[in-house]
Amino acid sequence: MGINRDYLGRTFPVTDPYEVSRVKIAEFAGAIGDPNPVYRDRAAARAAGYPDVIAPPTFAVVIAMAASGMAVADPGLGLNYAMVLHGEQRFEYSRPLHAGDVVTAQSTISGIREVGSITMLTTETEIRTVDGEHVCTGFSTLVERGEA
Amino acid sequence: MSGVTSPVSYADAVPGTELPAATYPVTRLSLVKYCGASGDFNVIHWNERVARSVGLPDVIAHGMFTMALAGRYVTDWAGDAGALVEFGVRFSAPVVVPDDEVGAVIEVSGTVEGKLDGNRVVLGLTARSGGAKVLTRARAVVRLP
């Protein structure tokens, strides 16, 4: 077993377009317990200068996971998903996602590090509108612990 | 802290300022809702039998749930939910969520660490739960008016 280092630098296919909806944003904001009206009320979002309700900053992970999941679940990579914890996460934003955005995501495996029985896998996922505008890049590091 | 504060301006942000801490409850119900909303149904976030079988003390919160709370802390302070330009954390310990009415509590605190060009302000963040630091190297960069 062990991770396949040949996957370092590999870029996976672009996801199908994802349409950001008001309903999904409101559901996500409810799940994280954030009452901010700009996540639910179009008028409040417009008053704050946005075209429609915006998504909480970490909503980007919902979209990124469709892309990074392709990388992580690739059987050739050899990651034991049952032993995986989320180690680090970072986002770089060009702007917030808002309802009506239609975006795609694409992941690249940008790091593989092994420290003792622990493997750290970093994926970099770009989220762009279908017109090519950059919205957000997510950097996610998963930690595979050694066998329990 | 709850709800939305009025926007902070770049001129108002003073490096070294410690921001008031905020506490957020996390129950099993929170995690079930987050599973559904995020699409992350990893079993360790809702099934304690499986969580224990892989060496965890109990069901643990999604790291992204904790990060979302830290994000809320930042956007509540900034007064603009779209102010973040960069946001990164390290998940240093799991948030253990017992199966009772209380669940866990996550306390987030922050400090204005510095100011950058382009009206950007850097916040250093800390999150604790159950006596452990659950986020380290947590940093947010916001653009303020």
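Assorted remarks:
- Cleavage-rule hits, GluC sites (Glu not before Pro), region B:70-145, DSSP coil, Cβ neighbours within 10 Å at most 10: B:101
- Gain upon complete extension [residue A:5, residue A:41; 0.36 nm per residue less C-alpha separation]: 8.3 nm
- Charge dipole magnitude, Cβ of K and R +1, D and E -1 - region B:73-121, Cα centre, debye nearest 20: 340 debye
- Over the C-alpha trace of the protein assembly as shown, radius of gyration and Dmax come out as 18.5, 55 angstrom.
- Stokes-Einstein D in µm²/s, Kirkwood radius over Cα pairs - chain B at 4 °C with 1.567 mPa s viscosity: 81 µm²/s
- Computed magnitude of the charge dipole of the protein assembly as shown (debye, nearest 20; Cβ of K, R +1, Cβ of D, E -1): 240 debye
- Calculated Rg and Dmax of chain A using C-alpha coordinates, Å: 16.9, 55
- In a DSSP loop and with at most 14 other Cβ atoms within 10 Å, the GluC sites (Glu not before Pro) in region A:55-148 are A:133, A:147.
- Rounded to whole Hz, the Karplus (6.51, -1.76, 1.60) HN-Hα couplings of region A:2-11, x for glycine and proline: x, 7, 8, 5, 4, 7, 4, x, 6, 9
- For chain B, the relative contact order works out to 32 percent when only alpha carbon pairs closer than 8 Å and six or more residues apart are counted.
- In order along region B:122-135, phi translates into HN-Hα couplings of 9, 10, x, 10, 9, 10, 10, 8, x, x, 10, 6, 9, 10 Hz, rounded to whole numbers, per the Karplus curve 6.51 cos²θ - 1.76 cosθ + 1.60 with θ = phi - 60° and x for Gly and Pro.
- Across region B:36-41, computed HN-Hα scalar couplings (Karplus, 6.51 cos²θ - 1.76 cosθ + 1.60, θ = phi - 60°) run x, 6, 9, x, 9, 9 Hz from first to last residue, x flagging Gly and Pro.
- Dipole magnitude for region A:29-148: about 280 debye, using +1 per Lys or Arg Cβ and -1 per Asp or Glu Cβ, origin at the Cα centre.
- For region A:97-125 and region B:100-136, distance of Cα centres in Å: 23 Å
Throughout, read-outs are computed from the coordinates displayed, never taken from laboratory work. The shown structure was predicted, so the numbers you read here are calculated from the model rather than taken from an experiment. Virtual Cβ from ideal backbone geometry, glycine too; neighbours counted across all protein chains shown.
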